[in-house]
Amino acid sequence: MYRGFRVAACAVPRLASFNVNPALRQLPLQFNHVRTYADAVIKVPPMAESISEGTLKQFSKQIGDFVEQDEEIATIETDKIDVAVNAPEAGTIKEFLANEEDTVVVGQDLVRIETGGAAPSKSEQPASSESKLSSPEEDAAPKKEEVQTENAPESKPSSEGKPSTPAAPEKKESAPTKQAPKPSASSSEGPATLGNREERRVKMNRMRLRIAERLKQSQNTAASLTTFNEVDMSALMDLRKTYKDEILKKTGVKLGFMSAFSRACVLAMRDIPAVNASIEGPNGGDTIVYRDYVDISVAVATEKGLVTPVVRNVEELDLVGIEKAIAEMGKKARDGKLTIEDMAGGTFTISNGGVFGSLMGTPIINLPQTAVLGLHAIKDRAVVINGKIEARPMMYLALTYDHRLLDGREAVQFLVKVKEYIEDPRKMLL
């Protein structure tokens with residue numbers, strides 16, 4: 001429709017030499033006025049059932065930029081994920097209807113764009129960039145000349161053979177500089193010797209606030225208790241060393257330790273099903289929910305905080321399948337592309353603090369789950385094997401569990417079974 005308007009608008013000026021009604025000559029202006037009604041307003045998109053607002057973190061485009069259809073123009077931070085706002089159709093950005101760091105709600109007007117048009121040609125972009133690059137050089141040239149002209153008068157007195165006159169001002173200028181440190185020497189006797197004591201106050205982002213709320217809720221709700229054990233990693237490390245290159249070449253997956261611990265937990269849950277259960281209901285819960293499936297939440301550290309994407313139906317996956325799923329979730333978490341569905345649910349959590357060098361720790365339960373397994377760093381320690389002292393790669397395991405549902409006997413038995421599977425991985429095939 002707009003193409004026909006442009007043709008008519010361009011044809012009217014050609015009729016200016018003829019006797020034409022003056023109202024007809026106003027058609028181009030009228031057509032331009034009609035084009036302004038092609039503006040579209042982009043609203044804050046729906047984010048999730050439980051999320052109705054967020055913080056507008058940044059605009060990835062500027063006013064006047066051309067955007068393609070489905071191109072990202074803004075990012076909204078929620079307490080769980082970052083939501084990308086995409087352009088529903090191609091056009092040029094005309095106005096921002098909200099500011100960065102504003103709290104926006106679903107359905108709120110965000111950006112006004114003029115639909116239609118075409119992206120600037122590639123030939124125009126290098127030309128504009130060259131002009132931008134050349135302008136600083138042209139601006140720098142007069143500055144160099146100014147520096148030379150400023151230095152020139154200083155060189156003249158020295159060439160005239162009057163060194164005494166310029167030497168005097170230099171001494172006068174150096175005198176205050178020598179006196180400047182004297183007050184600092186006297187002040188060094190006071191509290192100023194403590195160094196820099198500045199403070200910075202940074203507002204917590206929504207994800208960090210949500211993490212803090214959930215962790216405190218877990219401490220206040222669950223009757224948390226942690227039991228420890230240690231596992232000899234020799235057999236699992238030998239298994240990984242033997243087959244990792246073959247698996248990487250065949251499937252493109254790097255075989256790690258998380259898949260083995262996930263599989264060991266699934267097998268141990270068959271004997272201790274309460275580890276995979278949860279307490280639900282009003283007033284702290286009055287119902288125990290047992291599950292025949294295992295969805296493992298994997299703790300991943302990101303720049304904005306700790307997130308726990310979920311690997312679903314782990315009981316149906318082999319070691320390679322588990323490792324591949326964990327790697328995909330970890331990459332999405334680090335790239336900030338996790339969705340609400342990726343983190344919803346989860347019946348058990350594994351947290352590997354060993355990748356950061358943690359020797360031992362007590363993880364916090366991710367409610368409404370019942371337990372979380374903490375992995376730690378592998379260190380060579382002296383252990384007794386068949387009456388002899390040997391150096392073995394050992395890892396401490398920590399299981400934090402909700403004592404309201406899981407008794408100490410069951411928690412210890414679960415951790416011992418995980419230890420047995422890891423120390424003899426062949427048992428996982430039986």
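Points worth noting:
- Were the residues from LYS241 through GLN58 laid out at 0.36 nm apart, the gain over their Cα-Cα distance would be 61.4 nm.
- Largest accessible area first, the residues TYR293, TYR401 order themselves as TYR293, TYR401 under a 1.4 Å probe with ligands, DNA and RNA left out.
- Sulfur and carbon atoms: percent of accessible area, the stretch 265-311 [1.4 Å]: 49 percent
- Assuming charge only on the beta carbon of Lys and Arg (+1) and of Asp and Glu (-1), the dipole of the stretch 255-360 about its Cα centre is about 360 debye to the nearest 20.
- Formal net charge of residues neighbouring LEU359 (Cβ-Cβ distance under 15 Å; K, R +1; D, E -1): 0
- Using alpha carbons only, the radius of gyration of the stretch 247-336 set against its Kirkwood radius gives Rg/Rh = 1.05.
- Scattering profile of the stretch 376-430 at q = 0.24, 0.29, 0.31 Å⁻¹ [log10 I(q)/I(0), Debye over alpha-carbon scatterers]: -1.03, -1.10, -1.13
- Counting charges near VAL311 (Lys, Arg +1; Asp, Glu -1) among other residues having Cβ under 15 Å from its Cβ returns a value of -2.
- Whole-Å semi-axes of the ellipsoid equivalent to the stretch 292-430 (Cα gyration tensor, √5λ, descending): 27, 18, 16
- Ordering of 349-355, 262-268, 220-226 by packing [mean C-beta count within 10 Å, highest first]: 262-268, 349-355, 220-226
- A Förster radius of 25 Å combined with the Cβ-Cβ distance from ARG270 to LEU225 puts the calculated FRET efficiency at roughly 0.65.
- Around the Cα centre of the stretch 278-430, unit charges on the Cβ atoms of Lys, Arg, Asp and Glu (plus for the first two, minus for the last two) sum to a dipole of about 560 debye.
- Whole-number accessible area per residue in Å² for the stretch 316-417, which is evaluated in the context of all protein chains at 1.4 Å: 49 Å²
- In this simple spin-label approximation, ARG426 and VAL355 carry label points 7 Å from Cα along the Cα→Cβ vector, and these lie 3.1 nm apart.
- Gyration tensor over alpha-carbon atoms, the stretch 41-82, equivalent ellipsoid semi-axes in Å: 22, 11, 8
- Between the stretch 234-297 and the stretch 299-370, the alpha-carbon center distance in angstrom: 11 Å
The values are calculated or read from the model by the stated rules, or taken from the named source; none is laboratory data. Given the structure is predicted, the values throughout are model-derived calculations rather than measurements. Reconstructed Cβ throughout: ideal geometry from the backbone, glycine too, with neighbour counts over all protein chains shown. Ligands, DNA and RNA are stripped out before the accessible areas are found, and what is left, the full protein with its side chains, is counted by its heavy atoms. Shrake-Rupley method; radii C 1.70, N 1.55, O 1.52, S 1.80 Å.
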